[in-house]
Amino acid sequence: MTSRDRIRAAISGKPVDRVPVAFWRHFPGDDQRAESLAAAHVNFQKKYQWDFLKVTPASGYYGDDWGLRAGYKPNREGTRHYTDRPIKKPADWSRLKPLDVTGGAYGRELHALRLIRDALPEPLIVSTVFSPLTIAGTLSGPEASLRYLREDPDELHRGLELITDVTARFAAETLASGADGIFFATAAATTGYLNVEEYEEFGRPYDLRVLEAAAGSELRILHIHGIGIMFDQLTDYPVDAINWHDRRTAPTLSEARHRFSGCLAGGINELKSLSSGTPEQIADEARDAIAQTGGTRHIVAAGCTIPIDITEERIRAVRAALEG
């Protein structure tokens, strides 16, 4: 099977020649220019031949054109740290300006996608799109965003309306620029951050508008980031697969198989086994993941981006387990 055939079969629950697999990571430094970001992803894909390529931009890229200030200090995740945020008081939500998603930081990401598509015509490519509430949390700081949600909800809703409009247009533009789908990530759907009722008001309606903008996708993946996730509350989202930290927070893959009818993406603990386990332990974890799902409607993946210092030997141990 081709990688594209394999993903299509996994999504529809049809037999596969092997369970598909994909990892993704940040490329700090390279992620500040479209050309270098594209080259890093093309090289990564050619080296490991993932069954789909998830394009990972600089963390917080979506806030740069609104005045987010960020820099990179070496860390295992390859993410940036934020030095200044544009939302400092409730009235600032109404001051956010509409953005031209074909220019600035968003335009850079679209250009990178076009370059990647030109270099890699065969595999499925998904762009990274964050939920509006996650973006709001970055623009103001997660704790401040929670305070606005509870003390100034009308102002936050105004901000979310504009953020959602920009994000939905960007999601649609990524498809026009060569992506086959989107990797839709929310970092706000956790019970340690919000309660379910709050997410129903400030998360869900805006999430669904962005997902609708990507309705023409061949592959929509929902990533629920964090611990104590609201898994059951999001299983009716219009997505083909769900990815979460299944080795670190409930539900397990086997539990999720009974609670979501679509494809599950996970099984590898990027912060434990993949980082410090032996190749044999990593392979065992991959085989255990497949045993939990029966190898059906399953993509072997990590819970999130893999650390940038993971060795090639460890990464290839996962492929060996699937192909052996």
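Being surrounded by fewer than 21 Cβ atoms within 10 Å (Cβ to Cβ), touching an Asp or Glu at 6+ places or on another chain (Cβ under 9 Å) and not in a strand (DSSP E or B) is not true of LEU149.
In the range 56-88, of all residues being in contact (Cβ under 8 Å) with a residue 24 or more places away in the chain and acidic (Asp, Glu), the one that is surrounded by the most Cβ atoms within 10 Å (Cβ to Cβ) corresponds to ASP65. Can you work out which of the residues in the range 98-139 that are of a type in the set (S, T, N, Q) and buried (at least 17 other Cβ atoms within 10 Å of the Cβ) is nearest to the chain's Cα centre (by Cα)? Here the answer is THR128. Does at least one position in the range 257-269 carry a residue that is closer than 22 Å to ILE310 by Cβ, in contact with a Phe, Trp or Tyr (Cβ under 6 Å, 6 or more places away or on another chain) and crowded, with 20+ Cβ neighbours inside 10 Å? No.
Considered as a group, the residues in the range 235-248 that are out of contact with any strand residue (DSSP E or B) (no Cβ under 6 Å at 6 or more places or on another chain), in contact (Cβ under 8 Å) with a residue 12 or more places away in the chain and not basic (Lys, Arg) include one that is nearest to ALA22 (Cα to Cα), and that residue is HIS245. Considering the range 225-321, the qualifying strands (runs of 3 or more DSSP E), each wholly inside and each with 2 or more residues that are modelled with pLDDT of 95 or more and of a type in the set (Val, Ile, Thr), run over 298-302. Residues that are under 21 Å from HIS225 (Cα atoms) and either free of Cβ contacts under 8 Å to residues at least 24 places away in the same chain or surrounded by fewer than 21 Cβ atoms within 10 Å (Cβ to Cβ) (or both) within the range 270-284 comprise LEU271, LYS272, SER275, listed in sequence order.
Each row is one residue, and each column tells you yes or no for (1) under 17 Å from GLU122 (Cβ atoms); (2) touching a residue at least 40 places away in the same chain (Cβ under 8 Å); (3) surrounded by fewer than 17 Cβ atoms within 10 Å (Cβ to Cβ).
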residue	(1), (2), (3)
MET1	yes, no, yes
ASP5	yes, no, yes
GLY13	no, yes, yes
VAL21	yes, yes, no
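Among the numbered conditions (1) under 20 Å from the mean Cα position of the chain (by Cα); (2) within 21 Å of LEU264 (Cβ to Cβ); (3) among the acidic types (Asp, Glu), the only one that ASP30 does not meet is (2).
Is it the case that PRO28 is part of a loop (DSSP other than H, G, I, E, B), crowded, with 19+ Cβ neighbours inside 10 Å and out of contact with any helix residue (DSSP H, G or I) (no Cβ under 7 Å at 6 or more places or on another chain)? Answer is yes for this residue. Among the residues of the range 13-51, those that are small (Gly, Ala, Ser) and in contact with a strand residue (DSSP E or B) (Cβ under 9 Å, 6 or more places away or on another chain) comprise GLY13, ALA22.
For every residue, the table says whether it meets (1) at pLDDT below 95; (2) under 23 Å from HIS223 (Cβ atoms); (3) in contact with a helix residue (DSSP H, G or I) (Cβ under 7 Å, 6 or more places away or on another chain).
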{"position": "PHE23", "(1), (2), (3)": "no, yes, yes"}
{"position": "ALA38", "(1), (2), (3)": "no, yes, yes"}
{"position": "ASN43", "(1), (2), (3)": "no, no, no"}
{"position": "PHE52", "(1), (2), (3)": "no, yes, yes"}
{"position": "PRO57", "(1), (2), (3)": "no, yes, yes"}
{"position": "GLY63", "(1), (2), (3)": "no, yes, yes"}
{"position": "GLY67", "(1), (2), (3)": "no, no, no"}
{"position": "HIS81", "(1), (2), (3)": "no, yes, no"}
{"position": "ILE87", "(1), (2), (3)": "no, no, yes"}
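The values are calculated or read from the model by the stated rules, or taken from the named source; none is laboratory data. Values in this document were obtained by computation on a predicted structure and should not be read as measured data. Backbone-built Cβ (ideal geometry, glycine too); neighbour counts: all protein chains shown.
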